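Visitor: Pasting a structure here, questions to come.
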Amino acid sequence: MSFFKRWLSSSRVRRAQKRVSKDPSARAYAELAQEHAVLGNLAEVQRATGEGLRLFPGDPELRRLDTRARSLLLEGRTRQLQVELKAAPRPALWKELCEILLESGRVARAEEVAIEWFQATRSGEAQLLRGQARADRFFADRRRDDGRIAHELIQSAINMLPGDPRPLRLHLQLVQRCGAWGDARAALTKLLEHFPGDPSLEARYRTIDALSENSKTFEQALREVEKTGRLADEEPESARPTGSPASIRPLLQSMLQQESVQAAFFVRGATALVQGPKGATAERLARGVREIVMNSKTTSRKLGLGAAREVRVDGAFGTLLLAPGEYGSGAVWCDREPTRQHEQSLRDLAVASGDRTENEE
């Protein structure tokens, strides 16, 4: 940026600062942050957005600017750390880089850096961050193998860092989010040895102690998470806001009126709504749709593919198009190639059931 342009930008910053002084509105703070962004002063951008968010915590533009500035600052620091590690690798730099990558959501890269650090130093701190990265992958993808590996790494970190409560806290988080209450109670017992009389830990212990009777083992809990795609601290489907049968049934009926549609389905847990077939045939088809939805979700998690958004089955019968959702799943059976109208109807069904597609977000 030339001297003249920088001088003009600095003048605009001063004017924006005066506007904030006279009218400390969310818009004025956003304009001040944008002027700092033009100059490339990301720290000042965050200072302006931080001050504004303290006054207007729900403002979307301030949040957007703050998130963007934070992201750019982390990217710059990441590049700097990578250069410094090549020149003179040392634990403090490895640790900071791992933490930044985890905060940025680059979990796979964070794990790679932690592995490199561990192989170079055999550090318990590196092992702990390996466990954190793998646990984050498990929480995101719900794959049983990720949970098992995270558990092994965390146990190793506990042994390598005796007297350090951080691996114990991470172990507690992992087993508790899985619903392995017996393991969670044991982890809390060890944490209370570090912090005797801690009121928050004691309260958690009393709660988990009541849940731990006849609770699942950690391996059983992992299988359940992978099968359902839901962690123990997430709301069950029955407690989530979902569309009522009264709102869903008309959509299924309208789908049935579309050309080539033989049947329309909506399944959620043990509930199934079917339009088209009747009696035992309807029950059999609904059961088949439910099994396809469950198997597709489980397989997608096992392969690390993320959430299953659409499943298509073709055969002599025609095409079965399914849209697995978090709050319920829709399906349409056509005797010919599904059209865009059929696909849009499934999206409408997802909206009515409480799900939101990426386009709608």
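Visitor: Scan segment 89-115 and report the pairs whose first residue is more than 12 Å from Asp136 (Cα to Cα) and whose second residue is open to solvent by 20 Å² or more (accessible area, probe 1.4 Å) and not in a helix (DSSP H, G or I), with Cβ atoms within less than 7 Å and a gap of 6+ or a chain change.
Guide: From segment 89-115, the pairs are Pro91/Ser123.
Visitor: Among the residues of segment 95-117, write down those that are open to solvent by 20 Å² or more (accessible area, probe 1.4 Å) and farther than 24 Å from Thr49 by Cα. Can you show your working first?
Guide: Of all residues in segment 95-117, those open to solvent by 20 Å² or more (accessible area, probe 1.4 Å) come to 95-96, 99, 102-109, 112, 115-116.
Of everything in segment 95-117, those that are open to solvent by 20 Å² or more (accessible area, probe 1.4 Å) and farther than 24 Å from Thr49 by Cα turn out to be Lys95, Glu96, Arg106, Val107, Ala108, Arg109, Glu112, Ile115, Glu116.
Visitor: Got a sec? Which strands (runs of 3 or more DSSP E) wholly within segment 259-361 have at least 1 residues that are modelled with pLDDT of 80 or more and exposed (fewer than 13 other Cβ atoms within 10 Å of the Cβ)?
Guide: The strands (runs of 3 or more DSSP E) meeting that bar are 311-315.
Visitor: Give the residue that is least open to solvent (accessible area, probe 1.4 Å), with candidates limited to residues of segment 55-65 that are without any contact (Cβ under 8 Å) to a residue 24 or more places away in the chain and in a helix (DSSP H, G or I). Write out each step before concluding.
Guide: First pass over segment 55-65, keeping only residues without any contact (Cβ under 8 Å) to a residue 24 or more places away in the chain: 57-58, 60, 63-64.
Imposing the further condition that a residue be in a helix (DSSP H, G or I) reduces the set to 60, 63-64.
Values: Pro60: 98, Arg63: 124, Arg64: 124 Å².
This residue is Pro60.
Visitor: Limited to segment 83-94, what total is found for residues that are more than 17 Å from Glu125 (Cβ to Cβ) and surrounded by 13 or more Cβ atoms within 10 Å (Cβ to Cβ)?
Guide: So the answer is 1.
Visitor: Quick one: in segment 124-140, of everything that is touching a helix residue (DSSP H, G or I) at 6+ places or on another chain (Cβ under 6 Å) and modelled with pLDDT under 95, which residue is nearest to Arg169 (Cα to Cα)?
Guide: Checking each candidate, the answer is Asp136.
Visitor: Working carefully through the options Ala180, Ala186, Ala133, find the one that is open to solvent by less than 60 Å² (accessible area, probe 1.4 Å) and closer than 21 Å to Glu99 by Cβ.
Guide: Ala133
Visitor: In this structure, does Pro89 turn out to be in a loop (DSSP other than H, G, I, E, B), of a type outside the set (Val, Ile, Thr), modelled with pLDDT of 90 or more and over 25 Å from His151 (Cβ atoms)?
Guide: Working: in a loop (DSSP other than H, G, I, E, B): yes; of a type outside the set (Val, Ile, Thr): yes; modelled with pLDDT of 90 or more: yes; over 25 Å from His151 (Cβ atoms): yes.
Taking the combined requirement at face value, the residue satisfies it.
Visitor: Tally the residues that are open to solvent by less than 30 Å² (accessible area, probe 1.4 Å) and farther than 22 Å from Ile208 by Cα, restricting the search to segment 143-163.
Guide: Number satisfying all stated conditions: 3.
Visitor: On the given criteria, is Gly52 part of a loop (DSSP other than H, G, I, E, B) and either open to solvent by 50 Å² or more (accessible area, probe 1.4 Å) or more than 30 Å from Arg130 (Cα to Cα) (or both)?
Guide: no
The values are calculated or read from the model by the stated rules, or taken from the named source; none is laboratory data. Please read these numbers as outputs of a predicted model, since none were measured by experiment. Because the Cβ atoms are built from the backbone with ideal geometry, glycine has one as well, and the counts that use them run over all protein chains shown. Side chains included, ligands, DNA and RNA excluded: accessible areas come from the protein's heavy atoms. Shrake-Rupley method; radii C 1.70, N 1.55, O 1.52, S 1.80 Å.
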